[in-house]
Amino acid sequence: MSDKKRIFSGIQPSGNLHIGNYLGAISNWIKLQDEFDSIFCVVDSHAITVPQDPETLRKKTLEIAKIYLAAGIDPKKSSIFIQSHVPEHAELMWILNTLVKMSELEKMTQFKDKAQNGNSESVAVGLFDYPVLMAADILLYGTEIVPVGEDQKQHVELARDLAKRFNHKFGETFIIPKAFIKEEGMRVMGLDDPTKKMSKSAASEYNYISLTDDVETVKRKIKKAVTDSGSEIIYADEKPALKNLINIYASFSGKSPKEIRTLYVGKGYGDFKTDLAQVINSFLTPFQEKLNAISDEDVREILRAGAEKVKPIAKAKLEEVKKKVGFIL
Ligand code: ATP
Ligand code: LTN
């Protein structure tokens, strides 16, 4: 491809993408795609680690790709593809599975959260193995940088460890990847509970603002968002709910938290929330117009071309790996 450094990232086509996914991940990718050789994946194989309705999964897979495009991922600069279109991911995962220890996977916080604090009785083996598939995604493409939200740092660390372990055992094969986490707006918290991250699998829709929420829904959700005691607009760790709302305001308006605080001196939560909904909507309305203008046919074609472009890279790396472990090719 080119001599630019490679970045790789992905999002699961499960649930509704929210402003946390946008601010923590996608918005970051847009800027990076000029500087790096970029690959963005819709990770459908990861999505089925928890039960999915097949029709919804198909619809969401195309929707995530459309969201990438509407947000500004340019298919001329970046490759966009569906994970299951490149079976090398699953093959490499199997080989990496033989290098990872049960105890390493048991430590993963995402697994612990999703398996209700380690209650592994009722969850699929695929959910346990999720980080190894993610490591395969990353390592197959000689990825140097993995732009993700802070919650994924532990998974990228595992990919690094597995790359080093493989290299040590079988000789230099994988590039050691690094997580890239944006400082500001990196962790958007739930609107109904500022102690937990905004999440598309949250029980209540009042936890998140979806990228497809309409103007009225945004107003309603922001109005219902929890705030801290007091009435002043203050940016402080002791006021986590307000801090989160100010961070969201700052990310979408380009203003600093300090400027926002000054704007609302002498004003109350009501004024602040009305403006916050407006700030979010002035991002979402044009974004949704772009999103709705992309047809299923167009996005399918982009995804097909994306898979064609990345397949040779994945194939070559997997072949190298198979040779090193002693498979006959
Ligand atoms: P779920 O809660 O269902 O596991 P999710 O909302 O965390 O899903 P993912 O598909 O796991 O979404 O994450 C996609 C990307 O968005 C990842 O890079 C992740 O770090 C980032 N991300 C997810 N939630 C947030 C958040 N609240 N704030 C910032 N970034 C986030
Ligand atoms: N687990 C990631 C999604 C993901 C990913 C990847 C991110 C799957 N494979 C490879 C970066 C690189 C998440 O965001 N939940």
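The values are calculated or read from the model by the stated rules, or taken from the named source; none is laboratory data. All of these numbers come straight from a predicted model, not from anything done at the bench. A quick note on method: Cβ atoms are made from the backbone with ideal geometry, for glycine too, and the neighbour counts reach across all protein chains shown. Heads up: the accessible areas ignore ligands, DNA and RNA and are worked out on the full protein's heavy atoms, side chains in. Shrake-Rupley method; radii C 1.70, N 1.55, O 1.52, S 1.80 Å.
Here are a few things to note about the model shown:
- Tally, over the range 153-189, of residues that are touching a strand residue (DSSP E or B) at 6+ places or on another chain (Cβ under 7 Å) and not β-branched (Val, Ile, Thr): 7
- All positions within the range 144-167 that are without any contact (Cβ under 8 Å) to a residue 40 or more places away in the chain, open to solvent by 50 Å² or more (accessible area, probe 1.4 Å) and away from ligand 1 (no atom under 12 Å from the Cβ): GLU157, ARG160, LYS164
- Subset tally (residues that are within 11 Å of ligand 2 (Cβ to nearest atom), part of a loop (DSSP other than H, G, I, E, B) and of a type in the set (A, V, I, L, M, F, W, C)) for the range 131-185: 1
- For the range 6-32, a residue qualifies if it is among the polar types (S, T, N, Q) and buried (at least 22 other Cβ atoms within 10 Å of the Cβ), and the qualifying residues are SER9, GLN12, SER14, ASN21.
- Candidate set: the range 264-319, residues that are assigned to a helix (DSSP H, G or I) and among the polar types (S, T, N, Q); chosen: the one least open to solvent (accessible area, probe 1.4 Å): ASN281
- Here GLU121 meets the list (1) in contact with a helix residue (DSSP H, G or I) (Cβ under 9 Å, 6 or more places away or on another chain); (2) part of a helix (DSSP H, G or I); (3) away from ligand 1 (no atom under 14 Å from the Cβ) almost entirely, failing just condition (1).
- Lone unmet requirement of (1) modelled with pLDDT of 95 or more; (2) of a type in the set (Gly, Ala, Ser); (3) open to solvent by 10 Å² or more (accessible area, probe 1.4 Å) for SER78: (3)
- The set of residues from the range 10-24 being more than 9 Å from ligand 2 (Cβ to nearest atom) and within 16 Å of GLN83 (Cβ to Cβ) comprises PRO13, SER14.
- Residue in the range 168-196 that is nearest to ILE313 (Cα to Cα), counting only those that are open to solvent by less than 80 Å² (accessible area, probe 1.4 Å) and charged (D, E, K, R): LYS182
- The single condition among (1) at pLDDT below 95; (2) in contact with a Gly (Cβ under 9 Å, 6 or more places away or on another chain) that MET108 does not meet is (2).
- Residue check for LYS239: open to solvent by 30 Å² or more (accessible area, probe 1.4 Å), more than 25 Å from ALA159 (Cα to Cα) and of a type outside the set (Phe, Trp, Tyr): yes
- The set of residues in the range 197-226 that are in a loop (DSSP other than H, G, I, E, B), open to solvent by 70 Å² or more (accessible area, probe 1.4 Å) and under 12 Å from ILE280 (Cβ atoms) contains only ASP214.
- Test for ASP53: is it surrounded by fewer than 16 Cβ atoms within 10 Å (Cβ to Cβ) and either closer than 30 Å to VAL299 by Cα or hydroxyl-bearing (Ser, Thr, Tyr) (or both): yes
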